[in-house]
Amino acid sequence: MTDIVKCTRCGRRYRGHGEWNVVVSAGRPTGYLCPGCQTTEENVEAVINEAGLHYMGADNQGRLIARQKR
Ligand SMILES: [Zn+2]
């Protein structure tokens, strides 16, 4: 199976470089975002991923939720 990574928002194709984000939902990747489509919150998500945490979303007060990767 060939895994073609495309931006979930604009459909641009990932060519192996750039600050792309994986969209994670309930611990599973559900989509991808190119640098042009990322929001501030999504950039935070990328930083959390780099820190070795799973980004879980935000609670109803806008706080970011993350849990440790194992
Ligand atoms: Zn895009």
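Here are the numbers for this structure:
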{"read-out": "Quarter of the Cα convex hull surface for the chain, i.e. its orientation-mean projected area (nm²)", "value": "5.5 nm²"}
{"read-out": "Amide H contacts of residue 9 (H built 1.01 Å from N, under 5 Å, at least 5 apart or other chain)", "value": "34"}
{"read-out": "Karplus-derived HN-Hα couplings along segment 16-24 (A = 6.51, B = -1.76, C = 1.60, θ = phi - 60°), whole Hz, x at Gly and Pro", "value": "x, 8, x, 8, 7, 10, 8, 7, 10"}
{"read-out": "Cβ-placed point charges (K, R +1; D, E -1), dipole of the chain about Cα centre in debye, nearest 20", "value": "240 debye"}
{"read-out": "Max mean-square fluctuation residue, GNM over the chain, Cα-Cα springs under 10 Å, options 32, 55, 14", "value": "14"}
{"read-out": "Residue-by-residue Karplus 3J(HN,Hα) for segment 34-48, coefficients 6.51, -1.76, 1.60, Hz, glycine and proline x", "value": "6, x, x, 9, 6, 8, 4, 5, 6, 5, 4, 4, 5, 5, 4"}
{"read-out": "Amide H partners (placed H, <5 Å) of residue 23, local residues excluded", "value": "30, 31, 32, 33"}
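Every number here is computed from the coordinates shown, using simple stated rules; none is lab data. None of the values given here were measured: they were computed from a predicted structure. In this analysis, Cβ positions are derived from the backbone assuming ideal geometry, glycine residues included, and neighbour counts consider all displayed protein chains.
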